[in-house]
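Novice: One structure coming up, written as structure tokens, with questions to follow.
Just so you know, all these numbers are worked out from the coordinates, no wet-lab data involved. Everything numeric in this text was worked out from a predicted model, so none of it was measured. Cβ sites come from the backbone with ideal geometry, for glycine too, and all protein chains shown count toward neighbours.
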Amino acid sequence: MRIIAGAHRGLALAAVGKGDAGAHLRPTADRVRESLFNALAGGRYGDPINGARVLDLFAGTGALGLEALSRGASHVIFVDDGRVAGRLISENVVKLRAEASTTHLKCDATRLPACEAPAALVFLDPPYGKGLGARALASAVAGGWIAPGALIVWEESAPQPAPEGFTPLDTRHYGDTHVTFLERDG
């Protein structure tokens, strides 16, 4: 895995190794990440990355949030309570020298505390088929984590319906990964 573009283009990320099967650690493949970020940069959604505060739910390795940071995001909040994920996020943040522009919340993404500043871009990559994505979005909304008009990028094994308070924008399919784009109402 590597950073695809931006200030840290080509930087190799920490190796997942055996991963953490119990925590369903499943990093987004480079080609899917590249396609996803090409879609974000294509202008259809404005400029959702540059200067954005980003929330990366079920962050895993942190690759999605770090890619956004490399492409101009101002701050990334990683949310993942997995032991292996925590180690990988820490290693990758150090590799990018991004300690000042990142925060790692070691908590359950479906039980978020209140926050002070909402995110304009949200990556949501829950374990497939567990129904955790909608619960995490509800928790993020309740805690003030998602700004009105924020763009949500939701990876799952199938297209996801828009929960109440969100408008569907698009769905893309990359192999066994479906990416649903939503906008927070408001």
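Novice: When only C-alpha pairs under 8 Å and at least 6 residues apart count, what is the relative contact order of the range 21-184, in percent? Provide the component values of the computation, followed by the final result.
Specialist: On the way: 321 pairs, mean separation 30.8, N = 164.
Computed value for the range 21-184: 19 percent relative contact order.
Novice: In the range 21-184, with Lys and Arg counted as +1 and Asp and Glu as -1 at Cβ, which of these residues, 64, 94, 175, has the Cα nearest the positive end of the dipole, that is, farthest along it?
Specialist: My answer, from the dipole projection, is 94.
Novice: Just grab the label-to-label distance for residue 138 and residue 116, each label 7 Å out from Cα along the Cβ direction, in nm (one decimal).
Specialist: If labels sit at residue 138 and residue 116, their model points lie 2.9 nm apart.
Novice: Would you mind checking the range 47-90 for residues with the amide N under 16 Å from a putative spin-label position 7 Å along Cα→C-beta of residue 107?
Specialist: Inside the label zone: 55-59, 77-82.
Novice: Placing +1 at every Lys and Arg Cβ and -1 at every Asp and Glu Cβ, with all other atoms neutral, what dipole size does the chain have around its Cα centre, in debye to the nearest 20?
Specialist: Details: 19 positive and 20 negative charges, 93 e Å.
The dipole of the chain has a size of about 440 debye.
Novice: What are the membrane-span-like helices in the chain by this rule: whole DSSP H runs, Cα extent along the axis at least 30 Å, mean Kyte-Doolittle hydropathy at least 1.0? List each step's numbers first, then the result.
Specialist: Working: long enough: none.
Membrane-span-like by this criterion, though nothing is claimed about a membrane: none.
Novice: So for the pair residue 100, residue 130, with labels modelled 7 Å out along Cα→Cβ, what separation do we get in nm?
Specialist: 3.5
Novice: GNM, the chain, Cα, under 10 Å: largest mean-square fluctuation among 122, 76, 153?
Specialist: Of the options given, 153 has the highest mean-square fluctuation.
Novice: Do any chymotrypsin sites (Phe, Trp or Tyr not before Pro) in the range 37-144 lie in a DSSP loop with no more than 10 other beta carbon atoms within 10 Å, and if so, which? Let's see the in-between values first.
Specialist: On the way: sites: 37, 45, 58, 78, 123, 128; in loops: 45, 58, 128.
Loop-located and lightly packed - none at all.
Novice: May I ask you to list the GluC sites (Glu not before Pro) in the range 53-134 that are in a DSSP loop and have at most 10 other Cβ atoms within 10 Å of their Cβ? Could you put the intermediate results ahead of the total?
Specialist: Numbers: sites: 67, 91, 99, 116; in loops: 116.
Listed in order of number, the matching sites are 116.
Novice: With +1 on each Lys and Arg Cβ and -1 on each Asp and Glu Cβ, and nothing else charged, work out how big the dipole of the range 106-186 is about its Cα centre, in Debye to the nearest 20. Walk me through the numbers before you get to the answer.
Specialist: Values: 6 positive and 10 negative charges, 44 e Å.
Result for the range 106-186 is approximately 200 debye, rounded to the nearest 20.
Novice: Same structure, new question: In the range 134-178, what GluC sites (Glu not before Pro) fall in a loop by DSSP, with at most 11 other Cβ atoms inside 10 Å? Display every interim value, and only then the final one.
Specialist: Values: sites: 155, 156, 164; in loops: 164.
For GluC sites (Glu not before Pro) across the range 134-178 that sit outside H, G, I, E and B with at most 11 neighbouring Cβ atoms in 10 Å, the list reads 164.
Novice: Only one of the values (i) 16.8; (ii) 16.1; (iii) 17.8 was calculated from this structure for Kirkwood radius over Cα pairs in Å; name its label.
Specialist: (ii)
Novice: Once label points are set 7 Å from the Cα along Cα→Cβ at both residue 39 and residue 81, what is their separation, rounded to one decimal in nm?
Specialist: Calculated label separation equals 2.9 nm.
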